[in-house]
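J.: Let me begin by handing over the structure; questions about it come next.
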Amino acid sequence: MRALMQERQLLISTLIEHAARFHPTVEIVSRTCEGETVRSNYRTLRSRAALIAKALIGLGVKPGDRVGTLAWNTHRHMELYFGVSGIGAVLHTVNPRLFAEQIEYIVNHAEDSVLFFDITFAELVAKLWPSLTTAKTLVAMTDRAHMPAGLEGCLCYEDLVAAEADDLVWPEFPETEASSLCYTSGTTGNPKGVLYSHRSTVLHSFTACASDGLQLSSRDSVLLAVPLFHVNAWGIPYASAMCGAKVVLPGPWLDGKSLFELASAEECTMSLGVPTVWLGLLKYIEENPALDLGQIKIRRVVIGGSAAPRAVIEKLHQKLGAETLHAWGMSETSPLGTIGNLLPKHQSLGIDDQISVRTKQGRAIYGVELQITDGDGVAQPHDGKATGDLKVRGPWVTSGYFKGEGGQVLDENGWFATGDVAAIDPDGYVQITDRSKDVIKSGGEWISSIDLENAAVAHPAVQEAAVIGLPHPRWQERPLLLVVPKADSTATGPEILDFLAGRVAKWWLPDDVVFVDELPHTATGKLQKTKLREQFRDFTFKN
């Protein structure tokens, strides 16, 4: 029997229409590449999104066409989130931190017809422009006074907006149509595109607003430190419109000082970002003891992208009084897969025990199914002890890559292999123990590089740490610890190993410690261990 409910389509345009109607004066605050602060609101965001949408139609953009962006977290970029998808085109956010050759490949593979860019990337775009095969139109995301020189025919964003009348009626189409496209470098070979739908995006937004999700609500002022080009900023632009949260956009200014000042000025209650962002903020706080930490109202910090060291979670609590929501996901999961909210039984625990729970990557949220399997594909128990390859399925999990790259990615039961190795405890909390390619096998036993890194960062002299496995004649592989020391640190390798001795199993202890000035990161802030393994491939252990 067919139900008698109205079949209204779950479209991204409905999110911004809702926000403009029911939260019209809630602020959108943006720092810009021109060095200004722009104060807007949802009513204005809706209007300008519609204006840029009309401009795109005038430029010949049709439903299904890809529209690329090379841009930071600004009000204009957020307008494109709704303006592009709202007319049935596909927003393609390109990571500007990638190498120029990778960006060229991604833009051409996506067949972007229009490319929007922030003025900080004008030189990069000028270099790329002759090699872009499908992009016919360039738009600088600025006003006429700040238009970059040397890009003949480049259009001005503000001119496009000013030329249109605010009378657009958003088109209706099936919710299963594509809305946005993000490329992931977490797979082998060239980056692969993950194509999201309007339906998957709206369903994902409900989870961000749920009490057992990210708890995002109209009471929040959100400092968006995760880039808009990183998996759609973890869905926050859409979820914020759904619930009417204030959004604070830092532009290109993601250093500790800028984030501290912006969080203070805008009374931010929540923020999201990768661990390196929080390391930078905490470093700024530690180097400036005279700061009035009472200015910071942040009470929830969402950390994803890579595992957050326990020391970071502890310091965020100690310095800011903020609780950490550890989350796990990937481009292929939109990205939310698990979120680290505490259960009622944890509320009576001491803070140290609560933090122990928060160091895990959280529990599956409704809509996401998880399992771990051994090398033969046999499901393993969720007892917190067994580890296996983490697999996922759900309505906002990819069923394949754009243009069929990589072939079939789901098994016969619809599971997607994430490439992570994990344990799941009886309460459903996931503990990522490693990437399958990064786990260290020593003497037939597994060593978690993530656990070692987290333990090392707890040392007061360690700013950042990475662990890689290197060949060993007896044990197959042994761990090498690479440490970026804090300024003026005098710590030695033996001191750090002594510190670790009381925190990890003896046979896990690294065979050596090497101090380095910096560690390589991917464009989204993750440790780039492939480079480290290449750099230290000829390293010889002392014993």
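The values are calculated or read from the model by the stated rules, or taken from the named source; none is laboratory data. These numbers were taken from a predicted model, which means no experiment stands behind them. No Cβ is skipped: glycine too gets one built from the backbone with ideal geometry, and neighbour counts run over all protein chains shown.
J.: Which of the numbered conditions does VAL61 fail, given that it passes all the others? Conditions: (1) in contact with a strand residue (DSSP E or B) (Cβ under 9 Å, 6 or more places away or on another chain); (2) over 30 Å from LYS127 (Cβ atoms).
T.: That leaves (2) as the condition not met.
J.: In this structure, does TYR284 turn out to be surrounded by fewer than 20 Cβ atoms within 10 Å (Cβ to Cβ) and either in contact with a strand residue (DSSP E or B) (Cβ under 7 Å, 6 or more places away or on another chain) or assigned to a helix (DSSP H, G or I) (or both)?
T.: Judged against the criteria, TYR284 is a match.
J.: Does SER264 fit the bill of being outside any loop (DSSP other than H, G, I, E, B) and surrounded by fewer than 24 Cβ atoms within 10 Å (Cβ to Cβ)?
T.: Considered against the rule, which asks whether it is outside any loop (DSSP other than H, G, I, E, B) and surrounded by fewer than 24 Cβ atoms within 10 Å (Cβ to Cβ), SER264 comes out as yes.
J.: Shifting gears a bit: Filter the strands (runs of 3 or more DSSP E) completely within the range 398-453 down to those with at least 1 residues that are modelled with pLDDT of 85 or more and either touching a Pro at 6+ places or on another chain (Cβ under 8 Å) or aromatic (Phe, Trp, Tyr) (or both).
T.: Filter on the range 398-453 gives 416-424, 429-435.
J.: Related question: Which residue is farthest from GLY153 (Cα to Cα), if the candidates are limited to the range 24-67 and must be of a type outside the set (Gly, Ala, Ser), out of contact with any Asp or Glu (no Cβ under 8 Å at 6 or more places or on another chain) and crowded, with 20+ Cβ neighbours inside 10 Å?
T.: Looking at residues that are of a type outside the set (Gly, Ala, Ser), out of contact with any Asp or Glu (no Cβ under 8 Å at 6 or more places or on another chain) and crowded, with 20+ Cβ neighbours inside 10 Å, I get VAL26.
J.: Taking the range 83-104 as the search range and keeping residues that are over 11 Å from SER180 (Cβ atoms) and modelled with pLDDT of 95 or more, which one is surrounded by the fewest Cβ atoms within 10 Å (Cβ to Cβ)? Walk me through it before giving the result.
T.: Let us first name the residues in the range 83-104 that are over 11 Å from SER180 (Cβ atoms), namely 83, 86-88, 94-104.
Next, from what is left, pick out any that are modelled with pLDDT of 95 or more: 83, 86-88, 94, 104.
Numbers: GLY83: 30, GLY86: 28, ILE87: 24, GLY88: 24, VAL94: 24, GLU104: 18.
Of everything passing the filter in the range 83-104, GLU104 is surrounded by the fewest Cβ atoms within 10 Å (Cβ to Cβ).
J.: Only one of (1) part of a helix (DSSP H, G or I); (2) more than 30 Å from THR418 (Cα to Cα) is not met by ILE106, so which one is it?
T.: Failed condition: (2).
J.: Further question: For the range 233-257, enumerate the residues that are closer than 16 Å to VAL301 by Cα and touching a Gly at 6+ places or on another chain (Cβ under 7 Å).
T.: Within the range 233-257, TRP234, GLY256 meet the criteria.
J.: From the list ASP389, ASP376, ASP383, which residue is of a type in the set (Asp, Glu), more than 22 Å from CYS209 (Cβ to Cβ) and either assigned to a helix (DSSP H, G or I) or modelled with pLDDT of 95 or more (or both)?
T.: ASP383
J.: If we keep just the residues of the range 269-280 that are modelled with pLDDT of 95 or more and of a type in the set (A, V, I, L, M, F, W, C), which is nearest to LEU527 (Cα to Cα)?
T.: Taking the candidates together, the pick is LEU272.
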